[in-house]
Amino acid sequence: VHVVESGGGLVQAGDSLRLSCTASGSDFSINSMGWYRQAPGKQRELVAEITDTGKINYVDFAKGRFTISRDGAKYTWYLQMNDLKPGDTADYYCNVEIWHEGSDYYWGQGNRVTASA
């Protein structure tokens, strides 16, 4: 399974960005998809996740500003980020739980999001 993400970049506070992530390969199904972030000097933390049945979970800082969505037919998922703040500056990683004769997790390569004041 190969996971590739895109998006990210440098924006001003208040701007929006959308991250995308696609899983490819053969003979697997997806249990859940998610987004994490890691700010400099801090641990990686969950941002949002969505299950194969469409159940969504946001952490508190993401509620009302970030939206996770998916295109199940393409094994692609997105994170729409609105009203970005300098505190959102971090490396953002997509994550996917794959089912193929058992459960396994894969990560995207990470993309830097910088929101300047």
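Numerical summary
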{"quantity": "Checking THR67 against (1) in contact (Cβ under 8 Å) with a residue 40 or more places away in the chain; (2) under 19 Å from GLY9 (Cβ atoms), the condition it does not meet", "calculated": "(1)"}
{"quantity": "Flag for GLY34 being outside any strand (DSSP E or B), at pLDDT 95 or above and out of contact with any Cys (no Cβ under 6 Å at 6 or more places or on another chain)", "calculated": "no"}
{"quantity": "Options ASP71, ASP60, ASP104; residue that is within 15 Å of the chain's Cα centre (by Cα) and surrounded by fewer than 17 Cβ atoms within 10 Å (Cβ to Cβ)", "calculated": "ASP71"}
{"quantity": "Selection within the range 81-90 - open to solvent by less than 60 Å² (accessible area, probe 1.4 Å) and not in a loop (DSSP other than H, G, I, E, B)", "calculated": "MET81, ASP88, ALA90"}
{"quantity": "Matching residues in the range 42-54 - criterion: being open to solvent by 60 Å² or more (accessible area, probe 1.4 Å), at pLDDT 95 or above and either farther than 22 Å from LEU10 by Cα or of a type outside the set (Asp, Glu) (or both)", "calculated": "LYS42, GLN43, ARG44, GLU49"}
{"quantity": "Any hit, the range 83-94, residues being more than 12 Å from the chain's Cα centre (by Cα) and modelled with pLDDT under 95", "calculated": "no"}
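The values are calculated or read from the model by the stated rules, or taken from the named source; none is laboratory data. None of the values given here were measured: they were computed from a predicted structure. Virtual Cβ from ideal backbone geometry, glycine too; neighbours counted across all protein chains shown. Keep in mind that these areas ignore ligands, DNA and RNA; they rest on the heavy atoms of the full protein, side chains included. Shrake-Rupley method; radii C 1.70, N 1.55, O 1.52, S 1.80 Å.
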